[in-house]
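Here is the structure we will look at, set down as structure tokens.
Values quoted throughout were computed directly from the atomic coordinates according to the rules given, and no laboratory measurement underlies them. Because the structure is predicted, anything quoted here is derived from the model rather than measured. Cβ coordinates were reconstructed from backbone atoms using ideal geometry, including for glycine residues, and neighbour counts include every protein chain displayed.
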Amino acid sequence: MDMPYDTQEDIPDDALLVLYANGDAAAARVLTLRLTPRVFSHAYRVLGDRDEAEDVAQEALIRLWKVAPDWRQGEAKVTTWLYRVVANLCTDRLRKARGVALDAVAEPADDARGPAETLLEQARMDALQAALGELPDRQRQAVVLRHIEGLGNPEIAEILEISVEAVESLTARGKRALAAALAGQRAALGYSDD
Amino acid sequence: MLDALFDAAREDVAATPSASLMARVLEDASALQKIAEPGAVQGRRDGFWRALLRNLGGWPSVGGLATAAVAGLWIGIAGSTSQIGSTLGAQVLSGGQDAVLSEFDNSYAFLLD
């Protein structure tokens, strides 16, 4: 007894997860479309590598599907739980990758085609990604969750399993480090007039 | 500059998942959903009667079916015994079919006039 796709758009994640556990295929589709981009985006920003980020995103969602039958509605936020899984998977991967040159990890694929604007945009994203890659793991995670994913400090604290004050400290230090790393590239990135 | 970069990062297509990842995630969801279905988790295979019971809608439905069956049986028995002593058989044999109809429904009584 699948519900029509459009009627599920407004259903909260945890209710959809219960529907999924009860065999609703449409709930699986909506959750996949809703959660995969968020999970992948975070993993990509933290790991700086699309293939690695895809593996992490897939693994995180597999864990979500497996936990679905035991999910208790209202107890935890699905996205918070999922971000925590992603954060831990990323930390594991970064720990294993330690020793690999940072620039090898952060080097993005260079398309080298398209108009100048696209190239400038690409250069900006490459610079941000490279600067993020130089931050310590926890700082990077906190900065990405706060400033790119747009989460609040209390939720980030829950995800990283630290205090709100610790989150504030991590994001402040991370932002300062990013600003310092990118300061020398302002002109090259088209921000000379700022 | 940093805030502008963060804004641009939110729109960055490089951070959007590929179609193949979406397909893989959906495949996983579907495969694990089958495993998570009740019964499959416990590794228990339903017997014929248990499967029949489930397909009929569980005990409440079966209770209704049983009531209907008993009521049908009673109507059958009561109907047949009440006709044994009547003249219905004779009427049928003598060709009085209109009278037979009137036995069941008074609206056919006008046919007897």
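As a length-normalised measure over Cα pairs under 8 Å and 6 or more apart, the relative contact order of the stretch A:1-98 settles at 30 percent. Taking 25 Å as R0, compute the FRET efficiency from the Cβ-Cβ separation of B:A23 and A:V67 and round it to 0.05. Rounded to the nearest 0.05, the efficiency is 0.70. Considering all different alpha carbon pairs of the stretch A:109-194, the Kirkwood hydrodynamic radius works out to 14.1 Å. The mean count of C-beta atoms from other chains within 10 Å of the C-beta of residues in B:3-11, rounded to a whole number, is 6. Note on the stretch A:1-98: along the principal axes its Cα atoms extend 48, 24, 18 Å, ordered by decreasing extent. Counting Cβ atoms of other protein chains within 10 Å of each Cβ in A:31-43 and taking the mean gives 4.
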